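Undergrad: Encoded as structure tokens, here's the structure I'll be asking about.
The values are calculated or read from the model by the stated rules, or taken from the named source; none is laboratory data. Not measured: the values here are computed from a predicted model. Cβ: placed from backbone, ideal geometry, glycine included. Neighbour counts: every protein chain shown.
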Amino acid sequence: MRVWVDITDASAVVFFAPIVRRLEDAGHTVTLTARRFAGADLVLRRYGLSGLLTTRHRGGGLGTRAVGLVNRTAQLLGSAASGRYHVAAGSHATDFVLTAWTLAVPQMTFLDPDRIGRSNLINARLVDEVAVPEAVPVAGLAELGATRDKLFRYPGFKEEYYLHDAQPDPDVLTRLGIERRRIVGVVRPPAPPMRLPAGDAVPAGEEALVRLIAGLAGRRNLALVVVARDQEQRRRFLGLRLPGTLVPDGPVDGAGLLAAADFVIGLGGVMLREAVALGTPAYTLAPSAGPVEASLLANGRLRQVAVPGDVIVRRKDLRTALSPPRDPALFVDRLLDLAHRRSRRERLGRVVHDTSRKDPPPLL
């Protein structure tokens, strides 16, 4: 079977990589297209994947984004028209959705549960299947056009699936110069605002986090590792001169660090969900939470904190840390099932029947 996977950013590479590997191991042919955005091309190479790189993401105003949409849709149409794909998967990019719909390729789109809104109005109506975690309420999806018959509500959350194959570096703490006898806390600051305050002031989003770790720093036998998002943020945290705090320069093995840590603190986001998936106690200072994090807070897998005393500073219990694994083969099976249920021949008959082209070969 021929499968098309569209990548929009680096996080999509991480999610789709184990799915692609399983498809290829099963003998299916996978074609990747990737937008030049947020280091997606670099992460593709790191995972040993190759694909057709399309135009960069265009930020700015509505007009600029519209030009980017038209340009990338044209590129995808040009590259995908000859693919004769049986099924396609992507992360709800409009250009991908429009291209697959135009070519009558059955498609599954994975919605980001933290970014579901009116921007998905068109996409949710055009795709054949919408994949979301079970924690996402059905009512809001129905308003976007994702009716129950096209919903695939999967258990857990996506970080649990893509970390299924993770092999954390057992020496990550040693590489950072941290003694194994120490309790290790990982701190993930929020993404910096578009406009930073003047001087050396700490952005508002970091203030609560700084107060919290300042109350923890210097405790006996505790090492805090701040995973900064950029060099300017790293400089700010280094300038705080908090005792027992390390701010690495450059990338670290995130999965290895989270697996080795005894707790993780942040303001929501991917790294906290990865910590939960790896069985490391996770704390959030975020005043509000998306549907996935709200469900994790409700069942105690994620904890809300406000002051240093809310954080339990001790070694994590390895006997109860790991959660049940979530195999990405679930998505592989669902994609192949979608290809059989809504064949390209059926879509062509409904949408853009063309008697001048031969029927695609039978599905494997």
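Undergrad: Out of all the residues in region 16-26, which are over 18 Å from Val97 (Cα atoms), in a helix (DSSP H, G or I) and touching a helix residue (DSSP H, G or I) at 6+ places or on another chain (Cβ under 9 Å)?
TA: Ala17, Pro18, Ile19, Arg22, Leu23
Undergrad: Does Val311 qualify as being farther than 19 Å from Pro18 by Cβ, modelled with pLDDT of 95 or more and among the hydrophobic types (A, V, I, L, M, F, W, C)?
TA: Taking the combined requirement at face value, the residue satisfies it.
Undergrad: Checking Ser295 against (1) in contact with a helix residue (DSSP H, G or I) (Cβ under 9 Å, 6 or more places away or on another chain); (2) among the small types (Gly, Ala, Ser); (3) assigned to a helix (DSSP H, G or I): exactly one of these is not met. Which one?
TA: Evaluating Ser295 over (1) in contact with a helix residue (DSSP H, G or I) (Cβ under 9 Å, 6 or more places away or on another chain); (2) among the small types (Gly, Ala, Ser); (3) assigned to a helix (DSSP H, G or I) leaves (1) as the failure.
Undergrad: I've got another one for you. Could you run through region 108-141 and say how many residues are in contact (Cβ under 8 Å) with a residue 60 or more places away in the chain and either in contact with a helix residue (DSSP H, G or I) (Cβ under 7 Å, 6 or more places away or on another chain) or not acidic (Asp, Glu) (or both)?
TA: Qualifying residue count for the region: 10.
Undergrad: Can you give me the number of residues within region 10-21 that are surrounded by fewer than 19 Cβ atoms within 10 Å (Cβ to Cβ) and more than 18 Å from Asp253 (Cα to Cα)?
TA: Number satisfying all stated conditions: 1.
For (1) more than 28 Å from Ala286 (Cα to Cα); (2) surrounded by fewer than 16 Cβ atoms within 10 Å (Cβ to Cβ), each residue gets a yes or a no:
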| site | (1), (2) |
| --- | --- |
| Gln75 | yes, no |
| His86 | yes, no |
| Leu103 | yes, no |
| Ile116 | no, no |
| Arg125 | yes, yes |
| Val138 | no, yes |
| Arg148 | yes, yes |
| Glu160 | no, no |
| Gln167 | yes, yes |
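Undergrad: Filter region 89-101 down to residues that are under 20 Å from Phe331 (Cβ atoms) and more than 18 Å from the chain's Cα centre (by Cα) and give me whichever is surrounded by the fewest Cβ atoms within 10 Å (Cβ to Cβ).
TA: My answer is Val97.
Undergrad: List pairs: first residue in region 79-94 and over 19 Å from Leu336 (Cα atoms), second residue outside any loop (DSSP other than H, G, I, E, B) anywhere in the structure, Cβ distance under 7 angstrom, at least six positions apart or on different chains.
TA: As it stands, the answer is Ser79/Thr33; Ser79/Leu52; Ala93/Asp6; Thr94/Leu69; Thr94/Ile122; Thr94/Asn123, since those pairs meet every condition given.
Undergrad: Could you list all residues from region 146-174 that are at pLDDT 90 or above and β-branched (Val, Ile, Thr)?
TA: Val172, Thr174
Undergrad: Could you check region 67-116 and list, in sequence order, the residues that are out of contact with any strand residue (DSSP E or B) (no Cβ under 7 Å at 6 or more places or on another chain) and among the β-branched types (Val, Ile, Thr)?
TA: Scanning region 67-116 gives Val67, Val70, Thr73, Thr94, Thr99, Thr102, Ile116.
Undergrad: Tell me the residue from Gly268, Gly300, Gly256 that is outside any loop (DSSP other than H, G, I, E, B) and out of contact with any Lys or Arg (no Cβ under 7 Å at 6 or more places or on another chain), please.
TA: Only one candidate passes the filter, namely Gly256.
Undergrad: Turning to a different aspect of this structure: Suppose the filter is at pLDDT 95 or above and surrounded by 13 or more Cβ atoms within 10 Å (Cβ to Cβ); does Ala329 pass it?
TA: In short, yes.
Undergrad: Continuing with the same structure: Could you tell me which numbered condition Ala339 fails, if it satisfies all but one of (1) closer than 25 Å to Val132 by Cβ; (2) surrounded by fewer than 18 Cβ atoms within 10 Å (Cβ to Cβ); (3) modelled with pLDDT under 95?
TA: The one condition Ala339 does not meet is (2).
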